[in-house]
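Just so you know, all these numbers are worked out from the coordinates, no wet-lab data involved. All figures in this text were calculated on a predicted structure; none of them were measured in a lab. Here the Cβ positions follow ideal geometry from the backbone for every residue, glycine too, while neighbour counts run over all protein chains shown.
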Amino acid sequence: MFSLNDYNYDLPEEFIAQKPLRERDRSKLLFLNRKTGELSHHEFCEIFRFFSPGDVLVVNNTEVIPGRLLGRKETGGKAEVLILDYAGGKTNSGEFTSECLINASKPTKTGAFIFFGDNLKAEVTGSFNGLYSLKFYCNHNFESLLN
């Protein structure tokens, strides 16, 4: 069985696009030739070169929230939280519950709190197979804290 740590990849900030290109169709496109296994680099405007008659293109227009939060546990240790399902989170006024990943030097126990500044904290309400259920308590608009 794989561990979630097997998928932990350190991507330097300078390689993460902070805003879209002015010419959106000039964004990078990586193509894998399934017959040969060869990878090739292209621009998105070239995508139609790779379609054959009868192929279907599925378009997804969902937005990605900046769901990575850096906080501190009650013990003082650092904790990085990645919110996995905010759109599906159960909200109740200034509270909501979400499934998350937690990256910390030591395992985070059920009942522990993680603090993300004065306006946001989260309680670990459960865990299963490396996924954590966190109940967030927010004094302000949560989306404004993510930006």
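General remarks:
- Computed from backbone phi, the HN-Hα couplings of region 72-79 come to 10, 6, 4, 6, x, x, 6, 9 Hz, rounded to whole numbers (Karplus: 6.51 cos²θ - 1.76 cosθ + 1.60, θ = phi - 60°; Gly and Pro given as x).
- Counting beta carbons within 10 Å around each of SER105, SER27, SER98, SER52 and listing the fewest first gives the order SER52, SER105, SER27, SER98.
- Sequence-separation-based contact order of the chain, relative, with Cα cut under 8 Å and 6+ spacing, percent: 15
- Cβ crowding within 10 Å, taken as a proxy for footprinting-reagent exposure, orders THR110, THR36 from fewest neighbours to most as THR36, THR110.
- Over region 1-71, Cα pairs under 8 Å with separation of 6+ residues give a relative contact order of 18 percent.
- Unit charges on C-beta of K, R, D, E only; dipole of the chain, Debye: 200
- Phi angles across region 21-34 convert, under the Karplus curve 6.51 cos²θ - 1.76 cosθ + 1.60 with θ = phi - 60°, into 3J(HN,Hα) values of 5, 4, 9, 4, 6, 9, 5, 6, 9, 9, 10, 10, 7, 5 Hz, Gly and Pro given as x.
- Per-residue [θ]222 nm for the chain (sum of -39500 (n - 2.57) over DSSP H runs n ≥ 4, rounded to 500): -500 deg cm²/dmol
- Projecting the Cα atoms of PRO12, VAL56, PHE115 onto the charge dipole of the chain (Cβ charges, centred on the Cα centre) puts PHE115 farthest toward the positive pole.
- Exposure proxy ranking, count of Cβ atoms within 10 Å, fewest first, for ILE102, ILE16: ILE16, ILE102
- Residues of the chain were split at every exposed loop site, defined as trypsin sites (Lys or Arg not before Pro) in a DSSP loop with at most 11 other C-beta atoms within 10 angstrom, and the longest piece left, sites excluded, is 36-108.
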